[in-house]
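Here the structure is laid out as structure tokens; the discussion comes afterwards.
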Ligand SMILES: [Zn+2]
């Protein structure tokens with residue numbers, strides 16, 4: 001669909017405007033050229049050139065294909081210096097897009113799975129993010145991500161690491177990974193612990209899991225925000241609950257298409273969520289894996305018929321959500 005004129009006017013203003021991005025994953029942000037560089041150290045590189053990364057993007061379409069791609073990206077990371085390279089490319093993209101506040105999911109469990117020391121990686125990331133801010137780049141804050149399919153004990157370990165040496169840049173925690181693994185209630189205790197530590201609770205739900213996954217997340221985990229949450233649109237009462245409680249959904253249009261969560265743009269519930277009064281923000285999720293930008297996500301929503309006012313609402317909801325993080329954590 002050709003974007004509406006008011007949406008095009010918004011996009012022109014938005015291109016250079018200060019922005020907020022609240023849903024993106026560190027390893028998923030690695031640009032194709034950087035991924036090729038990391039991969040080139042292998043005898044048989046999985047990603048020998050940018051065309052091979054693009055081919056992998058085109059072959060997505062299911063959760064399994066997505067997690068396979070994500071795992072293969074993680075397999076190219078060998079050191080904390082590699083993490084610094086990825087973080088530098090991430091902040092360079094944030095600077096290009098004038099993102100003044102970003103909340104990035106960083107997963108100590110993934111770092112340890114790769115075989116690296118969490119504190120080494122954390123120090124490398126801190127150095128890169130601090131340098132970016134010192135140069136006048138936007139603020140980068142961290143959400144510690146639990147990997148759902150590794151269970152509640154692995155999530156407890158993440159909070160143990162944070163308790164051992166707290167990282168002031170951390171503002172919250174989330175639960176990503178395979179959405180249908182483990183019952184949501186299994187994570188209720190670790191969420192209580194995270195909240196007691198003064199951290200903002202966020203959770204991935206309603207991407208591949210149905211509306212029940214969103215309802216369970218709200219009931220058991222009491223998140224301030226939900227990453228995706230789009231399947232809530234199948235239950236009007238649930239949309240009303242999200243709107244009433246002010247639970248923000250951090251929606252990623254390109255990601256939803258590429259992973260097969262939504263089969264066609266025309267079916268994406270973004271506008272129905274907005275119409276129901278749910279606070280919605282737009283983000284890239286995994287900009288390296290999906291080959292997208294924050295402006296690109298707004299452009300895609302415009303191509304689905306979102307009006308200038310609806311796009312402005314998403315940008316305003318993101319600013320408000322960022323303010324809420326700051327007031328929640330005093331950072
Ligand atoms: Zn995500």
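The values are calculated or read from the model by the stated rules, or taken from the named source; none is laboratory data. Being a predicted model, the structure only gives us computed values, none of them experimental. Cβ atoms come from the backbone with ideal geometry, glycine included; neighbour counts cover every protein chain shown.
Looking at the range 275-296, is at least one residue part of a helix (DSSP H, G or I), more than 16 Å from the ligand (Cβ to nearest atom), more than 12 Å from the chain's Cα centre (by Cα) and touching a residue at least 60 places away in the same chain (Cβ under 8 Å)? Looking through the range 275-296, at least one residue is part of a helix (DSSP H, G or I), more than 16 Å from the ligand (Cβ to nearest atom), more than 12 Å from the chain's Cα centre (by Cα) and touching a residue at least 60 places away in the same chain (Cβ under 8 Å). Screening residue 179 against (1) modelled with pLDDT of 95 or more; (2) crowded, with 23+ Cβ neighbours inside 10 Å; (3) within 16 Å of the ligand (Cβ to nearest atom); (4) over 14 Å from residue 107 (Cα atoms) leaves a single unmet condition, (1).
If I ask for residues that are without any contact (Cβ under 8 Å) to a residue 60 or more places away in the chain, outside any strand (DSSP E or B) and more than 11 Å from the ligand (Cβ to nearest atom), which ones from the range 193-207 would you list? If the condition is that a residue be without any contact (Cβ under 8 Å) to a residue 60 or more places away in the chain, outside any strand (DSSP E or B) and more than 11 Å from the ligand (Cβ to nearest atom), then 193, 194, 195, 196, 197, 206 are the ones that fit. Looking at 151, 185, 136, which one is surrounded by fewer than 22 Cβ atoms within 10 Å (Cβ to Cβ) and free of Cβ contacts under 8 Å to residues at least 24 places away in the same chain? Checking each option against the conditions leaves just 136. Under the condition of being within 16 Å of the ligand (Cβ to nearest atom), out of contact with any strand residue (DSSP E or B) (no Cβ under 7 Å at 6 or more places or on another chain) and part of a loop (DSSP other than H, G, I, E, B), the residues counted in the range 16-57 number 1.
Considered as a group, the residues in the range 225-262 that are surrounded by fewer than 19 Cβ atoms within 10 Å (Cβ to Cβ) and assigned to a loop (DSSP other than H, G, I, E, B) include one that is nearest to the ligand (Cβ to nearest atom), and that residue is 260.
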